[in-house]
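The values are calculated or read from the model by the stated rules, or taken from the named source; none is laboratory data. Bear in mind that the values here come from a model prediction, so they are computed numbers and not experimental data. A quick note on method: Cβ atoms are made from the backbone with ideal geometry, for glycine too, and the neighbour counts reach across all protein chains shown.
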Amino acid sequence: MLKNSITFLGTGGGRVVVFRQLRHSGGMWLNLDGTNILIDPGPGSLVRIFEKGFDTRDIDVIVVSHRHLDHSSDLNAVLESATESTKKPLELLVSPEDVISGEEPILLKYLRKGIKNFGIEKEGKVFEFKNVRIKTLIKHIHAGAETYGLAFETEHKRIVYVPCGKFFEGMLSGYPESADIMIFNTTFVKPKGNIQHLSSEDVLKMLKKLKPKKAVITHFSLEMLKSNPKAVAESLRRESGLEVIAAEDGTKVTF
């Protein structure tokens, strides 16, 4: 397993792409200084983990950015596998409160004993595991799900994840500058009015302000696939002057 790397188990976004599996939707496997963090285990995550040579039993922390199914539907399956049916509890689950409680929680009740510690995402909250800090950043505008930006940090590394949501000016100050990697859920090429997802035009604004060392776009809609994510990434690279990668299913990025 490659230390200080992130593997994209899936890069699909939007109902058509995810639920027809035009791109996979298994989330991301982050290894940060030896700690294994599974982020947003959407449909197929359990299968993709093993397909890419990982093992659920090696997961230290699971992080869910929000409750929508393309980010959380395999949470229970992965947790059952990782904990050997709760016999070996997971150290930490970080998520918004509506993932684990409320009227329609994603996490099944019988699996809660398979988690030692719950980190409830709220702006400014920090959760620690060994030498890794998981920071909840700015709250997003995203209908039907409490959603937050996230940072994963050690003493020398900072990985920033910009999940789904409508762009607003506060995001330019709500995210840190000069991250080692900044991952953007870039669903569209151009803004889509009331559809609360980022476009490449929104991402460009953030790149120019925040200047990460490396940027990755993912979570692609059918429109984005038709526009060719690699071409969109190249356009972002030219206009921002920064390294921008369009992730594919299975892409591994080191930092």
| field | Residue that is nearest to Phe168 (Cα to Cα), among those in segment 223-241 that are crowded, with 17+ Cβ neighbours inside 10 Å and of a type outside the set (Ser, Thr, Tyr) | value | Leu236
| message | Every residue in segment 179-206 that is part of a loop (DSSP other than H, G, I, E, B) and either more than 19 Å from Gly124 (Cα to Cα) or β-branched (Val, Ile, Thr) (or both), please. | response | Asp180, Val189, Lys190, Pro191, Lys192, Gly193, Asn194, Ile195, Gln196, His197
| Within segment 37-88, how many residues are of a type outside the set (A, V, I, L, M) and not in a loop (DSSP other than H, G, I, E, B)? | 13
| What pairs can you find where one residue is in segment 53-66 and on the phi > 0 side of the Ramachandran plot, the other is in a loop (DSSP other than H, G, I, E, B) and modelled with pLDDT under 95, and their Cβ atoms are less than 7 Å apart, with a gap of 6+ or different chains? | none
| said: So, Leu207, is that one surrounded by 16 or more Cβ atoms within 10 Å (Cβ to Cβ) and closer than 20 Å to Val16 by Cα or not? | reply: no
| message | Among the residues of segment 211-226, are any farther than 17 Å from Gln21 by Cα, in a helix (DSSP H, G or I) and touching a residue at least 12 places away in the same chain (Cβ under 8 Å)? | response | no
| note | Of the residues in segment 227-255, those that are among the small types (Gly, Ala, Ser) and assigned to a helix (DSSP H, G or I) come to Ser227, Ala231, Ala233, Ser235, Ser240
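So that you can scan it fast, the table gives a plain yes or no per residue for (1) in contact with a strand residue (DSSP E or B) (Cβ under 6 Å, 6 or more places away or on another chain); (2) over 14 Å from Asn117 (Cα atoms):
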residue	(1), (2)
Asp55	no, yes
Val63	yes, no
His68	no, yes
Ser72	no, yes
Ala77	no, yes
Ser81	no, yes
Lys88	no, no
Leu92	yes, no
Ser95	no, no
| query | Within segment 150-168, how many residues are under 20 Å from Thr11 (Cα atoms), without any contact (Cβ under 8 Å) to a residue 60 or more places away in the chain and of a type outside the set (A, V, I, L, M, F, W, C)? | reply | 2
| query | Which of the residues belonging to segment 10-21 are closer than 22 Å to Val253 by Cβ and either out of contact with any Ser or Thr (no Cβ under 6 Å at 6 or more places or on another chain) or not in a loop (DSSP other than H, G, I, E, B) (or both)? | reply | Gly12, Val17, Val18
| task | Look at segment 169-187 and say how many of its residues are under 24 Å from Leu92 (Cβ atoms) and in contact (Cβ under 8 Å) with a residue 60 or more places away in the chain. | result | 4
